[in-house]
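Every number here is computed from the coordinates shown, using simple stated rules; none is lab data. Computed from a prediction, not measured in an experiment: that's the story for all the values here. Cβ: placed from backbone, ideal geometry, glycine included. Neighbour counts: every protein chain shown.
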Amino acid sequence: MRYALYFSPSESHPLTRMASHWLGRDAFSGEIFPTPEVDGLPGETVRVLTADPRRYGFHATLKAPFELHPDRTESELIAATERFAADTPAFDIPNVIIGQLGRFFALVPDTIYPELQHFAAQTVEEFEPFRAPLTDADIARRKPENLSAAQRANLDRWGYPYVMDEFRFHMTLTGQVPPEQASAMRLELDRRFAAFAHKALAVDGLALFIEPSRGAPFHVHRWFPLARSAANRKIAS
């Protein structure tokens, strides 16, 4: 079993619902949805192009998937996540857009925001004691020979290359899209996510995801509101 700390909007958030229907699976409920229709792309192609993010569920990686340290328990991890969320103020990413990371499409910030970078770094550090050391096979899967010096140092120190100064927030919407299919995909994503792009996105929760066995779909084990959203709930009640 592996765990991960991800940002995800809440289960009822319109973005969660939209992204779940787009990817074909809701990581909160486990519900499966039909493959969406995309002009210019066969349904099976769309299904293949969304297979990878569908398995992981809609999210932005903060603390990448890890096996639990033998000296720690799941209940301790849940309690630590709840405490961390309660002590961490919610904030907004001022502007998110549909962007590309290589051949992947994702919902990304329009620029680097220090508050977001700090939140991600805090999450990585806070939960490092819960991470079991990487095995040789884990390291090999990351293809360390292709990493920069900074990314390799992050892999050795934190178990994942793309943290700290190498972190780039992204909520993945596709796998690698071939260049000849990118235009159709871009048009569809721009249309489908128009209500969320070029707007602020509230980072108001932290999700503990679980992968029951290697290669199995990830699902949301618990979702914890960050400090401001928890306070608002108390006021509303």
Quiz prompt | Subset of segment 68-86 that is over 23 Å from residue 154 (Cβ atoms) and hydrophobic (A, V, I, L, M, F, W, C) - its residue that is surrounded by the fewest Cβ atoms within 10 Å (Cβ to Cβ) | solution = 79
Quiz prompt | Residue check, residue 100 polar (S, T, N, Q) and under 22 Å from residue 186 (Cα atoms) | solution = yes
Quiz item: When you go through 89, 109, 65 one by one, which is the residue that is closer than 21 Å to residue 11 by Cα and surrounded by 15 or more Cβ atoms within 10 Å (Cβ to Cβ)?
Solution: 65
Quiz item: With respect to residue 103, is the statement that it is in contact (Cβ under 8 Å) with a residue 24 or more places away in the chain and of a type outside the set (Asp, Glu) true?
Solution: yes
Quiz item: Identify, please: which residue in segment 27-50 is of a type in the set (Asp, Glu), assigned to a loop (DSSP other than H, G, I, E, B) and farther than 16 Å from residue 218 by Cα and is, among those, farthest from the chain's Cα centre (by Cα)?
Solution: 39
Quiz item: residue 116: aliphatic (A, V, I, L, M) and in contact with a Ser or Thr (Cβ under 9 Å, 6 or more places away or on another chain), yes or no?
Solution: no
Quiz prompt | Residue ID - nearest to the chain's Cα centre (by Cα), chosen from residues in segment 167-204 that are small (Gly, Ala, Ser) and not in a loop (DSSP other than H, G, I, E, B) | solution = 202
Practice problem: Could you list, in sequence order, all residues of segment 1-47 that are without any contact (Cβ under 8 Å) to a residue 60 or more places away in the chain, among the hydroxyl-bearing types (Ser, Thr, Tyr) and surrounded by 15 or more Cβ atoms within 10 Å (Cβ to Cβ)? | Solution: 16, 20, 35
Quiz item: Among all residue pairs at least 6 apart or on different chains, which show Cβ distances below 6 Å where the first residue, located in segment 121-142, is charged (D, E, K, R) and the second is part of a helix (DSSP H, G or I)?
Solution: 126/84; 142/155
Quiz item: Taking residue 165 and the conditions (1) touching a strand residue (DSSP E or B) at 6+ places or on another chain (Cβ under 7 Å); (2) under 25 Å from residue 114 (Cβ atoms), which numbered condition does it fall short on, given that it satisfies the others?
Solution: (1)
Quiz item: Within segment 141-150, is even one residue in contact with a Gly (Cβ under 7 Å, 6 or more places away or on another chain) and within 16 Å of residue 65 (Cβ to Cβ)?
Solution: no
